[in-house]
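Below: one structure, written as C-alpha cells.
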Amino acid sequence: MINILRSAIYSLVGLFSIGWISVVLTITMFAKPGDGLLTNFVADTLIMSEQLESFNRSFSDVSDGIFNLIATMNVVLLSTTTLFCVGWSIVSHYLNIDAPGKAKIYFIHWLVSTLVFLGIILSISIFFLTNTSFDNAFISGFGVTFLTATSLIFYFLAYYLGVLVGTARFARSSVLLANKLPGGF
C-alpha cells in the first residue's frame, strides 16, 4: 500500500512539472486579464473580428465569456488528466507481469488507457468549443482548431510525464513501462 501511495505522489509530481502552466492560465483567465499579451493573442488570433463588427459588438463585450470558456475548459481538462494519470499509476501496481515477454501485455493496457484518455480530452475540447453556454460564437475556425490541438498536445504531455514518473518502477514483480518508453528515469 505504501508503494501505491508513493507511486501516486510521484505521478502528481510528474504531472505538475508542466501542469502548473495550466493552473496559472486558469487563474489568469478567471481573474479577467486586462490588456496584455494573453488578451491581445485571444483578440487577434482566436476571435473573428469581422463577425464581431457585423453584430455591433466589441472584443470587450465577449471577452468575459471567452475567458470563462478557456478557464473552465482548463479546469475540466486538468482534472481529467490528473484522474487518468494517478489512476494509471495505481492500476500499474496490479498488472503483475513478471514473466519474459509479458511487457507487451503491459504496453497494450497502457496504450488502451492512453487512447481512451485522448478521446476524452478531444471530446471535452469539442464540447466546450461548440457548446452554447459560453459566448464562444465568435471564436474562429482557426481558434477552435488551435485550442483543440493545443489541449491535446499539452494534456497528453502532462499525462505522459505523470505516468512516466509515477509508474510502479519500484514494485519488485512489475515489468516497467518507464523502462520501455523513451525518457525513462
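The values are calculated or read from the model by the stated rules, or taken from the named source; none is laboratory data. All values derive from a computational prediction rather than experimental measurement. Just the protein is used for accessible areas: all its heavy atoms, side chains included, with ligands, DNA and RNA removed. Shrake-Rupley method; radii C 1.70, N 1.55, O 1.52, S 1.80 Å.
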Amide H contacts of Ile47 (H built 1.01 Å from N, under 5 Å, at least 5 apart or other chain): Ser140
With DNA, RNA and ligands ignored, accessible area of His109 (1.4 Å probe; Å², nearest 10): 80
